[in-house]
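Structure first, then comments.
Taken together, the values in this text are just the output of simple stated rules run on the coordinates, not laboratory data. Computed from a predicted structure; not experimentally measured. A quick note on method: Cβ atoms are made from the backbone with ideal geometry, for glycine too, and the neighbour counts reach across all protein chains shown.
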Amino acid sequence: MKENGRGRWKILAKALLDKQINPTDGVTQSKRRFSSYNIFKSEKLEENESGTWFAIQVEQYTVQIHIMKPKMSLNNLTGFNNTGNICIWPSEECLALYCIKNKDLFRDNSVMEIGGGQTCLAGLVVAKVCNPASVTLTDGNQDSVDNLAKIVAKNSDLEISTLKYRWTDVQVISLSAQYDIILCADCLFFDEGRPALVSELYRLLKPGGLALVMAPLRSQTFHVFRKMAEDRFNVEHLQDFDAEVREQHLDLVDQDFYQTDIHYPNLLILRGVLKLLLFKSTFKFFI
Ligand SMILES: C[S@@+](CC[C@H](N)C(=O)[O-])C[C@H]1O[C@@H](n2cnc3c(N)ncnc32)[C@H](O)[C@@H]1O
């Protein structure tokens, strides 16, 4: 992480330590806050010293997820970005919903989720109901990845691999052109990470592959990313990606605890056509 990013994360860490604010929306825990569109029915299963297991209903099936107890040690709060260990953010549940409603996209395809936080819920439901060829769940935070491994072990009927992957550390792995689809939820607000994120999506996707990127606008950060992505991809921007979520959003929009800018996600569909065209034009050159 570059110095300015690390600095901002330290400020958030200090605020968490000092005031115990809720990072979802920056208001104190005593106020009503928005944290979910309650898309998935969940049942609490058991609590242990490290967190709580829930059964999440996905169509006629269930997947089990482990939500970690918040760790307030200085190490956690000042180390690599910890936002994926705070909650499942609305973008992640909306991306999971979009995947279920568009399950044909995934059939026999290799799927990776990046920056999926402690549950990678979207990637998990893809593995459960969308018949992919393979699913790899990743995050850059070691605690998130350890939790993902726990979840994968519990859902032993699913073939899923987990990996610590940071798009800002490209030299660590060589996974070029391996994935048909990459999922990414609420990862666009790290100013220093956006250019690397675009390059990495481009590098990791097979020619003609696509990335589904769900995120709230968060003070223009979404649009800044979209502009950058347009240099590499054919980009489709869906403000209304799902009627059910849109309806809930419209019901919530006048509530003082709900802020469209940080809560309501938009969807970007990035298609790797440029790579395909480049490949085609190179091929033409040689024949
Ligand atoms: C706001 S959280 C979103 C987590 C999850 N997708 C969700 O919506 O619930 C942002 C996630 O991005 C991850 N992240 C931040 N920078 C990263 C990087 N350079 N490489 C990989 N993951 C990163 C964090 O660890 C965190 O899990």
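Quick notes on this one:
- Contact map, region 115-127: first residue more than 11 Å from Ile100 (Cβ to Cβ) and part of a loop (DSSP other than H, G, I, E, B), second residue among the hydroxyl-bearing types (Ser, Thr, Tyr) and near the ligand (Cβ under 10 Å from one of its atoms), Cβ cut-off under 7 Å, separation 6 or more or different chains; pairs are Gly116/Thr138; Gly117/Ser144; Gln118/Ser144.
Rundown of residues vs (1) farther than 18 Å from Ala196 by Cα; (2) in contact (Cβ under 8 Å) with a residue 12 or more places away in the chain, yes/no style:
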| position | (1), (2) |
| --- | --- |
| Thr221 | no, yes |
| Phe225 | no, yes |
| His237 | yes, yes |
| Asp240 | yes, no |
| His249 | yes, yes |
| Asp256 | yes, no |
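- The set of residues in region 211-220 being more than 19 Å from Ser35 (Cα to Cα) and more than 15 Å from the chain's Cα centre (by Cα) consists of Gln220 alone.
- Of the candidates Arg194, Arg226, the single residue that is more than 12 Å from the ligand (Cβ to nearest atom) and either under 18 Å from the mean Cα position of the chain (by Cα) or not in a loop (DSSP other than H, G, I, E, B) (or both) is Arg226.
- Candidate set from region 88-139 (those that are among the hydrophobic types (A, V, I, L, M, F, W, C), farther than 18 Å from Thr62 by Cβ and surrounded by fewer than 19 Cβ atoms within 10 Å (Cβ to Cβ)); member that is farthest from the ligand (Cβ to nearest atom): Ala133
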